[in-house]
Every structure is written in structure tokens, then in C-alpha cells.
């Protein structure tokens with residue numbers, strides 16, 4: 001059975017973007033990008049909400065200014081994707097399936113049928129899976145900045161108990177921490 005992984009880059013105060021919707025404060029240097037590329041290789045299927053997909057679709061045509069960016073772009077292009085949206089009418093990228101919903105039961109079935117890890121990106125989409133106990137791991141890149149307001153990573157209605165399993169500090173101050181979800185299935 002595949003693991004469902006919720007992974008994001010956030011400010012120290014817990015936001016995936018600032019009040020203007022920007023995330024240009026993220027510290028994506030070669031060292032962090034190298035780690036993100038390793039994480040990307042662990043992903044067999046990426047599940048996005050519409051907003052996150054529209055942000056990530058950039059990687060389909062971007063060739064990269066650095067070798068690490070070019071490598072990530074290729075990893076992203078080779079990853080199968082599901083986009084959950086009621087407003088998109090067709091996907092902008094290959095290897096992408098568009099669905100109007102992916103409820104908890106459908107995700108449970110997907111986990112049982114998929115051999116490689118499923119990464120969910122987007123806090124709104126992940127909240128239902130967290131509340132249902134379907135998320136197995138959470139990976140967070142903590143960027144050393146407080147943005148004050150924005151979109152919070154966690155939008156769950158329930159407490160989520162975690163156990164830290166990995167910590168990777170980077171020279172630019174960013175820290176990646178992986179957690180196992182203790183109340184997941």
C-alpha cells in the first residue's frame with residue numbers, strides 16, 4: 001500500500017504563502033533544491049488542488065536556470081498527477097488526470113491500488129485526508145521567516161499527533177522535518 005505524504009514549504013509561523021499570495025520568500029538554493037529533488041523521486045503520484053496545480057504547472061515548460069532546477073522540472077514532468085477542481089475543464093500538462101472530487105473513500109482506494117507514494121500538495125485538499133487519518137507522513141521545509149498572515153499549511157478540524165522521524169538542516173537556515181502521523185492509517 002502506498003503512503004500518503006503531505007509535504008509543503010512554509011514560513012516559521014506556518015504559512016505556505018503571505019497575505020498577498022506570494023511565496024518568493026522561500027529559500028530554494030542548490031542544497032535545498034537537491035533535497036527537494038530527492039523527495040520528488042519518492043513520489044509516484046502527485047495530487048493537487050487547482051491553485052497548487054496552477055502554481056506547479058510552471059515546471060512543465062521551465063527548463064531550469066540551474067542543474068537542480070532542470071532536474072526537478074524533469075522529475076515533475078515524469079510524475080503522474082491528479083488535479084481536483086470543479087472549475088478547470090482540461091489539464092494544462094501531460095500525465096495529468098482532472099477530477100471534480102477525490103473524497104476520502106476514493107483516496108483510501110487510491111492508496112490501496114498505488115505502489116508508490118502519493119504526495120498531496122495544498123492545505124485545503126490535505127485537510128480532509130488528515131482528518132480522516134489517511135495521511136501517513138508530513139514533510140515540512142521550515143523557511144526562517146515570519147510572514148504574519150497568509151494561507152496556513154494546516155486546516156484540519158482535528159488534532160494530528162506526529163512523531164519526528166527525520167531532520168535535515170540546511171546552511172541557508174531552512175530545516176526539513178519529516179513526521180510520521182501517529183493517528184493515520
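The values are calculated or read from the model by the stated rules, or taken from the named source; none is laboratory data. Just so it is clear, the structure is predicted and the values come from calculations on it, not from any experiment. Cβ atoms come from the backbone with ideal geometry, glycine included; neighbour counts cover every protein chain shown.
Filter segment 61-76 for residues that are surrounded by 15 or more Cβ atoms within 10 Å (Cβ to Cβ) and out of contact with any strand residue (DSSP E or B) (no Cβ under 9 Å at 6 or more places or on another chain) and give the result.
68, 69, 71, 72, 73, 74 - these are the residues of segment 61-76 that are surrounded by 15 or more Cβ atoms within 10 Å (Cβ to Cβ) and out of contact with any strand residue (DSSP E or B) (no Cβ under 9 Å at 6 or more places or on another chain).
Restricting attention to segment 114-148, report how many residues are more than 28 Å from residue 172 (Cβ to Cβ), touching a residue at least 60 places away in the same chain (Cβ under 8 Å) and more than 16 Å from the chain's Cα centre (by Cα).
Residues meeting the conditions: 2.
Residue 10 versus (1) buried (at least 16 other Cβ atoms within 10 Å of the Cβ); (2) in a loop (DSSP other than H, G, I, E, B); (3) out of contact with any helix residue (DSSP H, G or I) (no Cβ under 8 Å at 6 or more places or on another chain): which is the lone unmet condition?
(2)
Taking segment 108-122 as the search range and keeping residues that are closer than 23 Å to residue 9 by Cα and at pLDDT 95 or above, which one is surrounded by the most Cβ atoms within 10 Å (Cβ to Cβ)?
Filtering segment 108-122 for residues closer than 23 Å to residue 9 by Cα gives 116-122.
Narrowing the set further to residues that are at pLDDT 95 or above leaves 117-120.
Working: 117: 20, 118: 24, 119: 23, 120: 28.
Restricting to residues being closer than 23 Å to residue 9 by Cα and at pLDDT 95 or above, the top hit is 120.
Considering every residue within segment 35-50, establish whether at least one is surrounded by 17 or more Cβ atoms within 10 Å (Cβ to Cβ), free of Cβ contacts under 8 Å to residues at least 40 places away in the same chain and over 21 Å from residue 68 (Cβ atoms).
For segment 35-50, residues surrounded by 17 or more Cβ atoms within 10 Å (Cβ to Cβ), free of Cβ contacts under 8 Å to residues at least 40 places away in the same chain and over 21 Å from residue 68 (Cβ atoms): present.
Output the residue which, of all residues in segment 153-176 that are more than 29 Å from residue 1 (Cβ to Cβ) and within 18 Å of the chain's Cα centre (by Cα), is surrounded by the fewest Cβ atoms within 10 Å (Cβ to Cβ). Please lay out each step first, then the result.
From segment 153-176, those more than 29 Å from residue 1 (Cβ to Cβ) are 169-175; that's our starting set.
With the extra rule that they be within 18 Å of the chain's Cα centre (by Cα), the set shrinks to 174-175.
Values: 174: 21, 175: 16.
Step by step, filter segment 153-176, then rank; the result is 175.
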